[in-house]
Amino acid sequence: MNTSHQTAPRHIRLPANTAGRDFLLGDLHGEYDHFVEAMTRVNFDPAKDRVISVGDLVDRGPSSYDCMMLLHKPWFYATRGNHETMLLDAQFDGAVAMWMANGGEWFLQLTEEQKDDCTTLAQQMPLAITLELKDGRTIGVCHAEWPGEDWGQVGDTVFDLYQVQAMLWGRRVLTKGKPQSDRTAALTVHGHTPIDAPKKLGSALFIDTGCVYGGTLTLVSVEQALAIQPDAKPSLFSRLRGLRSQS
């Protein structure tokens, strides 16, 4: 993975939403219709509410382009996932075969203008988002897992290769089932590895519930996320398939 094409800030901070609600979104993978259905169920108000996604908006599902276009919405935020990274690696480093093997064929059907738009949007996705809460606490969001124990240092950190790899591709916390507690964040939120239901290990919450594999799409409010009780033994949804296909 080459990081030379990453032009976005590695980290952004979102101020507390004092007017409406914030929702956390699991891996979308092109399942735009499921996203619309989930938004309808929670009576999402784009004038006041926000969505913060763990990334992997694209690949495998039927509507990757529509999912990428969500990044133009002022209420939608997403960290970069490994699939957006594969998009960039294909465009800038020639790593096309790996991306095509993991669902990137949709990109070939786009116009050049659409391709440029998707590439620019992917470049602008941060690796990490800190979400401030109304009570002064924070939630940290990155795609796969956070390899540290102090999210408060994220804003001052120049991520090294190990950290970037863990944030985009890591599975250590879930596969080992070891609770991870952060010293400063009330919660860290991640996707990447498909599981049967949202699982919390210590203060780390995993919300990729395998929508593109026939599971559900997790769209959970911050309040609901904080209320989820820790689960010491997460059961992986389609674990072997997820690991084999890079998730």
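Couple of notes before you dig in:
- Considering residues of the stretch 1-16 that are at pLDDT 95 or above and over 16 Å from the mean Cα position of the chain (by Cα) only, the residue nearest to Ala90 (Cα to Cα): Pro15
- Taking the stretch 1-119 and the helices (runs of 4 or more DSSP H) fully enclosed by it, the elements with 1 or more residues that are under 24 Å from Leu219 (Cα atoms) and in contact with a strand residue (DSSP E or B) (Cβ under 6 Å, 6 or more places away or on another chain) are at 32-41.
- Filter pass, Ser238 being surrounded by 15 or more Cβ atoms within 10 Å (Cβ to Cβ), among the polar types (S, T, N, Q), in contact with a strand residue (DSSP E or B) (Cβ under 7 Å, 6 or more places away or on another chain) and at pLDDT below 95: no
- Filter result for Ala19 (surrounded by fewer than 21 Cβ atoms within 10 Å (Cβ to Cβ) and at pLDDT below 95): no
- Which listed residue, of Gly55, Gly94, is of a type in the set (Gly, Ala, Ser) and either surrounded by fewer than 24 Cβ atoms within 10 Å (Cβ to Cβ) or more than 30 Å from Asn17 (Cβ to Cβ) (or both): Gly94
The values are calculated or read from the model by the stated rules, or taken from the named source; none is laboratory data. From a predicted model like this one, the values you see are computed outputs, not experimental measurements. Positions of Cβ are backbone-derived with ideal geometry, glycine not excepted, and every protein chain shown enters the neighbour counts.
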